[in-house]
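What follows is a short report on a single structure.
The values are calculated or read from the model by the stated rules, or taken from the named source; none is laboratory data. Please read these numbers as outputs of a predicted model, since none were measured by experiment. For neighbour counting, all protein chains shown are included, and Cβ atoms are generated from backbone atoms with ideal geometry for every residue, glycine included. With ligands, DNA and RNA removed, areas are computed over all heavy atoms of the protein, side chains included. Shrake-Rupley method; radii C 1.70, N 1.55, O 1.52, S 1.80 Å.
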Amino acid sequence: ARLNVTDQLRVATGARYDFQTFEGGDGTEYDNSGLSANVAADFDLSDNFTISAGASRAWGGIALAESFLFDPAWTYPAEIEPVTSENFYLGFTAALGNGFGVNGKVFQSNIDNARTLYGGVATERFGLNPGDTSDLDTEGFELGVSYDWGAGFARLGYASVSADVEGFAADSYTGRYLTTPIGDTLVLEVAHVFDTLGLTVGADIQHTMGQDITYLGAPSGTTDDYTVVNAFAEYKHVNIQGLTLRAGINNLFDEEYAESASYGQEFGTVTPLNEPGRTITIKATYEF
């Protein structure tokens with residue numbers, strides 16, 4: 001349901017109840033069911049300032065870590081707890097006038113009994129068990145500022161997210177079935193439309209900050225900072241309705257980097273696969 005409770009208050013809510021029968025590789029069966037529900041609200045404190053909040057509880061049943069990996073020697077436990085999560089956020093948006101705006105959000109997710117191939121973060125591969133689970137907790141925040149001048153905009157955003165698996169800081173080894181830490185990110189986006197020419201130009205800059213953490217499940221190490229710039233130009237033909245021409249350059253300055261979510265690069269013993277260098281694309285689209 002989406003409800004306009006008052007002129008200032010808007011609420012969205014919903015619920016679902018699931019039933020699941022799960023059969024393990026040895027024939028053991030589990031019957032589970034659970035409720036998922038959510039509620040979110042936006043409240044206008046004034047014409048220029050809105051606060052938002054939401055909460056949800058999700059029931060995920062029994063999930064597989066890897067559907068193709070089965071061990072005929074597995075003995076399934078008498079009970080496997082279904083996966084559940086609790087999620088929360090609180091945010092705001094504010095229009096400051098003359099095209100300026102700010103926004104922010106804090107959020108948290110707690111996932112219980114997430115399926116893994118390992119019993120806790122320190123169990124070796126030969127100890128895997130079909131009932132292995134881990135708890136995952138994530139939290140973070142986003143902040144943004146923007147300026148809109150009618151024919152274009154500029155937006156600057158900052159995001160920071162942290163994640164723990166079984167109470168320890170996640171790395172790409174312990175979190176490989178659950179999460180990968182990517183580091184704090186700073187993004188700037190700019191675009192402008194030249195209406196009389198049918199031309200739009202824009203660019204974005206993303207800076208990802210490296211991490212230096214002592215990890216539980218893998219050799220300690222660091223990830224590197226990197227900055228990637230992308231640019232584009234799009235032309236809508238003024239005489240041929242439906243024709244759009246677009247040219248783009250990704251990784252404009254040919255940065256040599258490994259994407260922050262790449263597995264294993266923080267180990268210090270792994271050479272990660274780098275992302276593509278400067279890439280030029282040309283595209284024509286005709287809609288009719």
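Can you find, within region 174-203, the residue that is most open to solvent (accessible area, probe 1.4 Å) among those that are closer than 30 Å to residue 270 by Cα and not in a loop (DSSP other than H, G, I, E, B)? Result: 186. Against the criterion of being assigned to a loop (DSSP other than H, G, I, E, B) and in contact with a helix residue (DSSP H, G or I) (Cβ under 7 Å, 6 or more places away or on another chain), residue 171 qualifies.
Across region 230-241, which residue is nearest to the chain's Cα centre (by Cα) among those that are modelled with pLDDT under 90 and either under 17 Å from residue 281 (Cβ atoms) or not polar (S, T, N, Q) (or both)? Top of the filtered list is 237.
Checking the structure you have, find out if any residue of region 121-137 is under 22 Å from the mean Cα position of the chain (by Cα) and either at pLDDT 95 or above or of a type in the set (Asp, Glu) (or both). Yes, region 121-137 contains a residue that is under 22 Å from the mean Cα position of the chain (by Cα) and either at pLDDT 95 or above or of a type in the set (Asp, Glu) (or both). Listed by position, the strands (runs of 3 or more DSSP E) inside region 1-99 whose residues that are under 17 Å from residue 113 (Cβ atoms) and either among the acidic types (Asp, Glu) or open to solvent by 70 Å² or more (accessible area, probe 1.4 Å) (or both) number at least 3 form an empty set.
Scanning region 133-167 for residues that are outside any strand (DSSP E or B), open to solvent by 40 Å² or more (accessible area, probe 1.4 Å) and in contact (Cβ under 8 Å) with a residue 40 or more places away in the chain yields 149, 150, 166. All conditions but one from (1) out of contact with any Asp or Glu (no Cβ under 9 Å at 6 or more places or on another chain); (2) closer than 23 Å to residue 99 by Cα; (3) not hydroxyl-bearing (Ser, Thr, Tyr) apply to residue 240; the one that does not is (2). When residue 247 is tested against (1) over 19 Å from residue 189 (Cα atoms); (2) open to solvent by 40 Å² or more (accessible area, probe 1.4 Å); (3) of a type in the set (Gly, Ala, Ser), only condition (1) is not met.
From the list 144, 157, the lone residue that is within 23 Å of the chain's Cα centre (by Cα), more than 20 Å from residue 261 (Cα to Cα), of a type outside the set (A, V, I, L, M, F, W, C) and at pLDDT 85 or above is 144. Residues that are in contact with a strand residue (DSSP E or B) (Cβ under 6 Å, 6 or more places away or on another chain) and assigned to a loop (DSSP other than H, G, I, E, B) were ranked within region 232-244; the one that is least open to solvent (accessible area, probe 1.4 Å) is 242. For the residues 259, 266, the requirement of being out of contact with any strand residue (DSSP E or B) (no Cβ under 8 Å at 6 or more places or on another chain) and closer than 30 Å to residue 116 by Cβ singles out 259.
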